[in-house]
There are 2 protein chains.
Amino acid sequence: MQPLWEQVTIVGVGLIGGSLGMALRKKGLAKSVIGVDVREKILDTAVEMEAIDRGIVDLQAGVAEADLVVLATPICTSVRILTEIAPFLKKGCVVTDVGSTKNLIVETAARIMPEGTVFVGGHPMAGSEQAGVNGADLYLFENAVHILTVMPGTPEEPVQKLKQTVNSIGARVLEMNPVQHDFLVAGISHLPHIVAAALVNTVGRLHKDYPDILGLAAGGFRDTTRIASGHPLMWRDICTTNKEQILEVLKIFKETLNEMEAMIDNCDEEGIEAEFNRAREIRRGIPARMKGYLPVLYEIIIYVPDRPGVIAGIASLLGEAGINISDIEIMRVKEGEGGSIRLGFGSAEDQEKALTLFRENNIKAKIKL
Amino acid sequence: MQPLWEQVTIVGVGLIGGSLGMALRKKGLAKSVIGVDVREKILDTAVEMEAIDRGIVDLQAGVAEADLVVLATPICTSVRILTEIAPFLKKGCVVTDVGSTKNLIVETAARIMPEGTVFVGGHPMAGSEQAGVNGADLYLFENAVHILTVMPGTPEEPVQKLKQTVNSIGARVLEMNPVQHDFLVAGISHLPHIVAAALVNTVGRLHKDYPDILGLAAGGFRDTTRIASGHPLMWRDICTTNKEQILEVLKIFKETLNEMEAMIDNCDEEGIEAEFNRAREIRRGIPARMKGYLPVLYEIIIYVPDRPGVIAGIASLLGEAGINISDIEIMRVKEGEGGSIRLGFGSAEDQEKALTLFRENNIKAKIKL
């Protein structure tokens, strides 16, 4: 691809910044990708990982020649950095960010961006449990929604270039105004994070009287509270920059919870069942988890012995038959004995072919309904 | 293995009952495994899936000859069935259950079990998103904690047989008194389920004004609320039979949440950060998710093209080198192009060997830290 940008400067080379650098470089979207970070060692790692062409510690020098600057630090830091770099941006420079709240930075940008430069807020809805550049992943943005807050009066051309860039790294652009964005993410992201942290801290309180509780909390509890391990600084910034919206959804959540509490207190069996039924129905309406392709619909569970080469055998069998494995998960294993593996296929036809193949080869297999 | 039981009767052949039948049969723990269910079709499926030897619709006939009866229905149903079958149990019969609350059924059993029979409450802490016998899995109990509520005065011999049975299907017995059990699971299981349902129903309320919200709720939100899809009837029974304990932990949760809300309202940055830090620390103390083996510690991420046979190639490479793949996950894929795969190994040595192997074969690989 013809490079869209001469120089992209990514400020903050962590999980998102690093992944973005990898994707931009792989796609040839920029003639050079510069990383700016206060941590020199991180910059070295990022160069090694092919996330950036080179690193610069000096912020002003790092952005001076850029025609695209991406702020990839916690929001309050990004707002501060935007204020610092604004006077040094070159004519025509486009600045975007990756923060989880948009209103504050968009309002700040409207006040301080010099004439001839453009700010468009961004929020790639992609992440990972792994923080830092070591967790960076070339494919992090594949099929992720990437929100852009294009404000009235923003010139058309840089917006188009930015959209093309986002599309080229595999994400899907969704335009939204900052206020609406902040309310929606308060509901589907900030509220669940705060609630997850409160759940974990509740178990922490119980831990004092019941030291066994953490040992029992494996499995489901750990899954449910995965997001409570998010970066505390990032979450501090989210809570302070999106205060009003978070308080509003928290209020609705507490009302909902209080209603359920009252039903439990009153032994209202019908009410409880209806609440759980409603949750199940609503959740069914949420698109299935995406991993870069459409939801895996055609799945098979197989039971195999646990020994080196067994996955190779299965995969060869399918590969030779031209069947692509879209998803694979080792479900449960008894070491040295055997286990169950879930395989996902892109079509009912592949699923059927795989099932026949397994049965012909005496591999215990069943369709996952 | 020498069968421990002449006839095991499983009442309720769903996910847990079916998985248990599979494991008992596979391990040769019973001369025959009988399934009792009101749904004849389910019994046929269970026979086909080798979960039971044969099915009986008639409850009384099903349990009359059993020396072990396992009640695997929602709790209130199990309590009712226990009352119904008690007069028909043969001398020496042991009855256990798999319910998520223990106090009610243990108290009921103490009142109604005939002399010469024994009740020991059980709670296998294993489950799956899939309900029903179709989701049954031979390895469901591998490394799962299986709580037994052994009451003072229970004869030693049947308890030992039951423990041996539980151990033989791969689970780990943990003895606990019913009251303590019910409080612990209220904290680590019931509270998160109720909160997850309330989270989903909050988003459902917001959906009316913001129809876009469900589309954005993919990924993290879906993961976090996975448990909200639990069986409504089962959860109704849990909420009614464990009311006091649930209300007590709900109170602590609401206090915790209110404190966080106040910090957000007051822009108490230090407090918010500390809460998220605390949650992260506590969560680190929770044993990592178990899939039948110890936590996977040695992981590698590789980047490969997306085409049939690619996983076969990788797996063959490792299999031929005698390296066992303990875990595999397709992380992100760009269809027709490539993607990242996470591989887990049981030792640092295997990880190192795999990394060398990948690099020798020009497969882009890095250690996941």
### Task
Holding the Cα-Cα limit at 19 Å, pick out from A:31/A:90; A:102/A:251; B:26/B:91; B:27/B:163; B:102/B:243; B:26/B:161 the pairs that are longer than that.
A:102/A:251; B:26/B:91
### Query
If you build a Gaussian network model of chain A, linking Cα atoms that sit under 10 Å apart, which residue out of A:134, A:201, A:277 swings the most?
A:277
### Message
Going Cα to Cα from residue B:353, which lysines come in below 19 Å? Please leave out same-chain ones fewer than 8 positions away.
### Response
B:364, B:366, B:368
### Message
With an 8 Å Cα cut-off and a minimum separation of 6 or more residues, compute the relative contact order for the stretch A:98-149 in percent.
### Response
40
### Message
Rounding to the nearest 10 and keeping the result within 0 to 90°, find how far the Cα-based axis of helix B:103-112 lies from the longest principal axis of chain B.
### Response
20
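For the protein assembly as shown, count all C-alpha to C-alpha pairs, find those more than 34 Å apart, and express that count as a whole percent of the total.
Working: 141992 of 271953 pairs.
Tail fraction, whole percent: 52.
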### Query
So for chain A, what percent of the C-alpha to C-alpha distances run longer than 35 Å?
40
#### Entry: Fraction of beta bridges assigned by DSSP in chain B that are antiparallel (%, nearest 5)
50
### Query
Based on the Cβ-Cβ distance of residue B:248 and residue B:90, what FRET efficiency does E = 1/(1 + (r/R0)^6) give at R0 = 41 Å, to the nearest 0.05?
0.50
## Note on the structure
Per 10 angstrom bin, beginning at 0 and ending with the bin that holds the maximum distance, the Cα pairs of the stretch A:12-120 fall in percents of 15, 49, 32, 4
### Summary
Length-normalised contact order of the stretch B:53-172, Cα under 8 Å, at least 6 apart, in percent, tallies to 20
## Note on the structure
Any trypsin sites (Lys or Arg not before Pro) in the stretch A:55-147 that lie in a DSSP loop and have at most 11 other Cβ atoms within 10 Å would be A:91
### Task
Measure nothing fancy, just the Cα-based angle from helix B:348-360's long axis to the longest principal axis of chain B, in degrees from 0 to 90, nearest 10.
40
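Bear in mind these aren't lab numbers, they're just calculated from the coordinates by the rules spelled out. Just so we're clear, the structure is a prediction, and the values are computed from it rather than from any experiment. No Cβ is skipped: glycine too gets one built from the backbone with ideal geometry, and neighbour counts run over all protein chains shown.
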